[in-house]
1. Which of the listed residues, V228, G215, N264, is farthest toward the dipole's positive end in region 152-291, when Lys, Arg count +1 and Asp, Glu count -1 at the beta-carbon?
2. For region 478-494, just list the computed ³J(HN,Hα) in residue order, Karplus coefficients 6.51, -1.76 and 1.60, θ = phi - 60°, integers in Hz, with x standing in for Gly and Pro.
3. I'd like to know which of N398, Y193, H298 lies farthest towards the positive end of the charge dipole of the chain, counting +1 on Cβ of Lys and Arg and -1 on Cβ of Asp and Glu.
4. Could you work out how far the C-alpha centroid of region 367-406 sits from that of region 70-138, in angstrom?
5. Would you mind checking the tilt of helix 430-440 against the longest principal axis of the Cα atoms of the chain, expressed as 0 to 90 degrees and rounded to 10?
6. Would you order L77, L174 from fewest to most other beta-carbon atoms within 10 Å of each residue's own beta-carbon?
7. For region 288-304, what does the Karplus curve 6.51 cos²θ - 1.76 cosθ + 1.60, with θ = phi - 60°, yield as ³J(HN,Hα) per residue in whole Hz, taken in order and with x for Gly and Pro?
8. Using mean projected area of the Cα convex hull in nm² as the read-out, say which of (1) 23.8; (2) 26.0; (3) 51.1 was calculated from these coordinates.
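Please treat every number below as a calculation from the coordinates, not as lab data. Given the structure is predicted, the values throughout are model-derived calculations rather than measurements. Using ideal geometry, Cβ is built from the backbone for each residue, glycine included, and neighbour counts are taken over all protein chains shown.
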Amino acid sequence: MHLGRSAGILLHPTSLPGKYGIGDLGNEAYHFIDFMEYSGQILWQTFPLGPTGYGDSPYQCFSAFAGNPMLISIDKLIETGLLYLSDLNDYPDFGNGNIDYGPLIIAKTKILQKAFKNFKDSGNTIDKLCHKFIKENKYWLENYALFMAVKEYHNGVQWTQWDKEIAFGKEEVLNKWKEKVIDKYEYQVFIQYLFDEQWQKLKDYANKKSIKIIGDMPIFVAYDSADVWGNKEQFSINQEDGSAEFVAGVPPDYFSATGQLWGNPLYKWKVMEKDNFGWWKSRIKKLLTFCDIVRIDHFRGFDAYWEIPGDAKTAITGRWVKAPGEKLFNSIREELGTLPIIAEDLGVITKSVEELRDKFEFPGIKIIQFAFGEEGEKKFLPHNYVPNCVVHTGSHDNETTRGFIESEIKKGEGIYEWAQKYLNYYGDDIVFEMIRTAYASVAEIVVIPLQDMLNLGNEARMNFPGRLGGNWMWRFKWEQIPANLAATYKEMCKLYERPKTKITEYEKIIVEKE
């Protein structure tokens with residue numbers, strides 16, 4: 001599907017400013033949407049919105065369906081009467097700098113639990129408040145709420161270390177444990193309701209300003225997740241003890257000499273085919289309540305995936321195994337129609353991956369940073385773009401573009417000079433020139449990380465693949481945004497016809513459905 005000429009910003013909500021230690025769905029998020037409108041931007045791209053686990057990565061969540069409680073706005077809870085200002089007397093002063101996840105999670109969980117207590121003390125019940133939400137989300141919510149409640153009961157350890165009765169129990173055991181942890185269970189339902197309510201209001205605010213949300217769907221789910229625990233038969237794990245038979249990753253590439261050992265359990269595709277990929281359809285339908293366009297991370301895994309033995313120490317020991325991508329997307333299209341999907345097609349891309357992407361007309365991704373130099377990937381040079389693609393200056397797994405340029409200058413290997421020559425630009429703001437070149441290209445979609453729009457260095461980098469800790473922490477401050485930035489980008493959108501028309505093909509479909 002062609003989504004039309006457009007421009008947007010990549011910024012995860014955790015990177016928003018604010019006084020509670022992490023970006024959230026409160027007033028600063030609405031302010032950011034206003035900034036996007038002033039800048040002529042009509043696409044807001046985020047990372048996955050799920051509840052993060054070990055390492056705080058949005059690509060390793062406790063659920064593929066749930067929302068991240070850390071994004072719930074404390075100010076909005078005060079506005080609705082679920083919290084009082086006095087409840088915040090002991091809340092730490094985190095300042096407005098980078099996220100410190102350890103103490104943040106403790107403090108914010110405590111305040112969310114206080115909101116739940118206030119809710120119960122007022123005489124309300126979960127069934128009364130969340131009846132419609134529970135009914136519409138029962139297919140995933142009950143499993144997730146029980147998973148998180150039992151996980152808390154077991155002091156947060158991985159589900160394979162729980163009492164065997166509940167780790168591998170049948171339905172009658174699940175009902176018994178639900179009663180055992182009912183208060184924790186209802187708390188999980190409560191905070192999912194709050195997340196959904198706040199996110200839907202924010203999304204509606206964006207949509208009314210003609211801004212669409214690009215959501216992110218990791219191809220794999222976390223080992224320690226409600227998805228695996230509740231659907232063991234669909235994953236490559238030992239059904240007796242939960243140990244991993246095979247896990248996901250990628251072979252050595254430009255990110256890592258030993259590849260990346262992600263550790264996610266692989267899918268048992270033949271099992272999933274038996275009910276026409278029902279789990280996948282439910283997952284996509286849920287994600288489309290959070291966003292307007294779906295970006296599929298590691299799309300190449302739908303053509304073939306890197307299968308690594310469960311006990312391997314690195315990703316080098318693996319093999320490519322064919323996946324039923326065409327069957328899956330045909331089945332999804334038959335039931336859900338033609339969907340607005342972007343395929344993250346980076347890494348080891350073969351002809352068959354490209355054929356799968358192009359068969360369903362999914363836009364692929366171009367990264368300008370990867371293009372420059374004699375050894376650069378020439379398909380990422382703007383003169384080689386096709387219209388149906390998404391171009392970024394960089395990705396969350398790489399240096400910021402300014403950081404990249406500064407690193408290349410230090411290395412002295414000629415890549416910076418190569419870029420200057422290609423861009424025919426010898427001034428002192430080459431990052432903006434790369435962005436302008438992306439805007440001017442034939443690529444229908446341009447999404448620029450906010451770090452690059454602000455010309456920030458590697459102090460603003462989001463993730464270092466393979467590094468434990470210190471990732472996903474960056475937050476911006478409004479004072480970092482120059483007064484003329486919005487006007488500059490609005491003029492650039494006008495100059496390069498982004499959007500070319502006021503209503504894109506996908507927006508027409510939305511209007512017709514409504």
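1. Checking the options against the dipole of region 152-291, the answer is G215.
2. These are the phi-based 3J(HN,Hα) values: 4, 5, 7, 8, x, 4, 9, 5, 4, 5, 4, 6, 5, 5, 5, 4, 5 Hz.
3. Result: Y193, furthest along the dipole toward the positive end.
4. Computed from Cα coordinates, the inter-centre distance equals 41 Å.
5. Result, in degrees: 90.
6. In order of increasing Cβ crowding within 10 Å: L174, L77.
7. Once θ is set to phi - 60°, the couplings for region 288-304 become 6, 7, 8, 9, 9, 9, 10, 9, 9, 6, 6, 4, 4, x, 7, 9, 7 Hz.
8. Recomputing mean projected area of the Cα convex hull in nm² here gives the entry labelled (1).
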